[in-house]
Each structure stands twice: as C-alpha cells, then as structure tokens.
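Peer 1: One structure coming up, written as structure tokens, with questions to follow.
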Amino acid sequence: MPSKPERMAMKSAIMLTAALLIFGGLLIISQCGKQPAPFPPEQTGHLRVTVMDTTLIDSVAIKLDDTELGLQPNPALLTDIVAGLHQLFVYNTTAAGTTKVVEVRANRTAESWFWLSSVSPHVGFQAPDFSVEDLGGNSISLQDLRGKVIILAFFEFT
C-alpha cells in the first residue's frame, strides 16, 4: 500500500489530469463552428532568365521545376514565382539545354544567366557540307551524296 505522501502525489496528478482534460474539452468546444484561420499569403518574387550564345537567340523554351512554360522571349521575365529554390531548365531548337538551381526571394527579381552550347546539325535540318578523303585518297563531299542514306563512323587508328 502506498504511503500517505505517495497517495497525495497520486491524487494531485489525477486532479491535474482531470483539469487538463476538462480545459482541453472546453477549448475544443469553444472553437467548433468557427472558420479556421486563413493561410498566410504566398511570398513571391520574379525571375529574369537571360540566355547567351555566340549567335543571337531571340526566344528560349523554359521548364521551371516540373512545369513546362513553353517558348519565352529572351530575356524572359517570369513573374509571381513562389519564393524558394527552383530547378530551371532552358533550351532552344539550335542549342543544347542546361539546368541550374535558382533561388527566388520574396518581392525581388532574381537574375539567372545561361550559356547554351550550339550543336548541329539538328533533326529536320540539312547537314552542313563537308569533304573528306577515303582510304584510297579520293575526295568525297557530302554534297555529292545528297539524297542517299549516309552513316558516318569516326574512330582512331592506333
């Protein structure tokens, strides 16, 4: 059997628990039927995307996180972007795309500069003309082979 001080401590603990349960129940009942507090407004900023290359690029395709934003003028100003870190992928039809992580801050305009690497030829475009020598020393030009299926294999002799 517990001693008198232990019984008093147990009685106090039970009374405190009962009081907390009653107070919690009253608090829940008093909040029933009330509208919940609204979420705070999202913090937004802007993002200016500029693409540089050796040739003039007037428009680029942009993908922000998992959302394709489509073709945008260069430079592009993306407005009302939720503040935080975002993955930005920029590309166009004549240059290889590139990805970087950018930080947008509330009520500010972040700057993001890209250099795209020109790659050629592209699917649907005519290959540039060039000429090479075959193993017999004869010159072969791509222009001479227009209209034919061509397979180029580059390898190194050792």
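The values are calculated or read from the model by the stated rules, or taken from the named source; none is laboratory data. Predicted, not measured: the structure shown is a model, and the values here were computed from it. Methodologically, a virtual Cβ is constructed for each residue, glycine included, from the backbone with ideal geometry; neighbour enumeration extends over all protein chains shown.
Peer 1: Could you go through region 28-37 and let me know if any residue there is at pLDDT 75 or above and within 16 Å of Trp115 (Cβ to Cβ).
Peer 2: No - not one qualifying residue is present in region 28-37.
Peer 1: Say we look at region 87-105 and pick out the residues that are under 15 Å from the mean Cα position of the chain (by Cα) and either modelled with pLDDT under 90 or among the polar types (S, T, N, Q) (or both); which of these is farthest from Leu116 (Cα to Cα)?
Peer 2: Restricting to residues being under 15 Å from the mean Cα position of the chain (by Cα) and either modelled with pLDDT under 90 or among the polar types (S, T, N, Q) (or both), the top hit is Gln87.
Peer 1: When residues of region 69-86 are filtered for being more than 15 Å from Gly45 (Cα to Cα) and either surrounded by 12 or more Cβ atoms within 10 Å (Cβ to Cβ) or modelled with pLDDT of 95 or more (or both), how many remain? Reasoning before the result, please.
Peer 2: Taking region 69-86 as the starting set, the residues that turn out to be more than 15 Å from Gly45 (Cα to Cα) are 69-75.
Retained after the next criterion (residues that are either surrounded by 12 or more Cβ atoms within 10 Å (Cβ to Cβ) or modelled with pLDDT of 95 or more (or both)): 69, 71-72, 74-75.
Matching residues across region 69-86 total 5.
Peer 1: Same structure again: For region 133-147, how many residues meet the condition of being assigned to a helix (DSSP H, G or I) and either in contact with an Asp or Glu (Cβ under 6 Å, 6 or more places away or on another chain) or among the hydrophobic types (A, V, I, L, M, F, W, C) (or both)? Steps first, answer last, please.
Peer 2: Taking region 133-147 and keeping what is assigned to a helix (DSSP H, G or I), we get 143-145.
This time we only want the ones that are either in contact with an Asp or Glu (Cβ under 6 Å, 6 or more places away or on another chain) or among the hydrophobic types (A, V, I, L, M, F, W, C) (or both), so: 143, 145.
Summing the residues that are assigned to a helix (DSSP H, G or I) and either in contact with an Asp or Glu (Cβ under 6 Å, 6 or more places away or on another chain) or among the hydrophobic types (A, V, I, L, M, F, W, C) (or both) in region 133-147 gives 2.
Peer 1: Under 8 Å between Cβ atoms, which residue pairs at least 6 apart in sequence (or on different chains) link something in region 139-158 that is without any contact (Cβ under 8 Å) to a residue 60 or more places away in the chain with a partner that is of a type in the set (Asp, Glu) and surrounded by fewer than 10 Cβ atoms within 10 Å (Cβ to Cβ)?
Peer 2: Hits for this filter: Ser139/Glu133; Ile140/Glu133; Ile140/Asp134.
Peer 1: Take the residues of region 110-158 that are β-branched (Val, Ile, Thr) and modelled with pLDDT of 75 or more: which is surrounded by the most Cβ atoms within 10 Å (Cβ to Cβ)? Write out each step before concluding.
Peer 2: Let us first name the residues in region 110-158 that are β-branched (Val, Ile, Thr), namely 119, 123, 132, 140, 149-151, 158.
Filter once more, keeping what is modelled with pLDDT of 75 or more: 132, 140, 149-151.
On the way: Val132: 10, Ile140: 13, Val149: 5, Ile150: 10, Ile151: 4.
The extreme case among them is Ile140.
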